[in-house]
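Engineer: I have a structure I would like to understand better, so I am pasting it below and will then ask my questions one at a time.
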Amino acid sequence: MSSSNPEEAVYTALETVKNVPRSAAPDSSLTRDLGLESIDIVDLFFELEQATGTVIEINQLLSQAQAKSSGRRFEDISIQDVVDFLASHP
């Protein structure tokens, strides 16, 4: 299955993995704001890979997020960062 809408894919996966509501703000941090733990993020990335066919490498995701704003750490990764990553890796 391949989802052509990265935002839809991310919100669907977040709802599946951690019951995150679709009303969550795009700038919400996956860990600090939404409460995802390491295993939840692994599950999220697996769900997204299944939905989109894109493998999310955490180091690439973090590098892309840091390019937008230096000094960002893993804890700072937001919903929008994941959406942007998927959109740039079709």
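The values are calculated or read from the model by the stated rules, or taken from the named source; none is laboratory data. Every value quoted in this text rests on a predicted model; they were computed, and no experiment measured them. Cβ coordinates were reconstructed from backbone atoms using ideal geometry, including for glycine residues, and neighbour counts include every protein chain displayed.
Engineer: Out of Leu44, Leu34, I need the residue that is crowded, with 17+ Cβ neighbours inside 10 Å and over 15 Å from Phe85 (Cβ atoms). Which one?
Structural biologist: Being crowded, with 17+ Cβ neighbours inside 10 Å and over 15 Å from Phe85 (Cβ atoms) holds for just one of Leu44, Leu34, which is Leu34.
Engineer: Hey, another quick one. Does at least one position in the range 9-28 carry a residue that is at pLDDT below 95, surrounded by 17 or more Cβ atoms within 10 Å (Cβ to Cβ) and part of a loop (DSSP other than H, G, I, E, B)?
Structural biologist: No, the range 9-28 contains no residue that is at pLDDT below 95, surrounded by 17 or more Cβ atoms within 10 Å (Cβ to Cβ) and part of a loop (DSSP other than H, G, I, E, B).
Engineer: For the range 37-59, indicate whether the set of residues that are touching a residue at least 24 places away in the same chain (Cβ under 8 Å), in contact with a strand residue (DSSP E or B) (Cβ under 6 Å, 6 or more places away or on another chain), within 19 Å of Phe74 (Cβ to Cβ) and not in a helix (DSSP H, G or I) is non-empty.
Structural biologist: no
Engineer: Is it the case that Glu75 is part of a helix (DSSP H, G or I) and closer than 14 Å to Ser28 by Cα?
Structural biologist: yes
Engineer: Could you list all residues from the range 6-34 that are within 14 Å of Ser78 (Cβ to Cβ) and of a type in the set (Gly, Ala, Ser)?
Structural biologist: Ala24, Ala25, Ser28, Ser29
Engineer: Continuing with this model, one more query. Considering only residues of the range 66-90 that are aliphatic (A, V, I, L, M) and modelled with pLDDT of 90 or more, which is surrounded by the most Cβ atoms within 10 Å (Cβ to Cβ)?
Structural biologist: Val82
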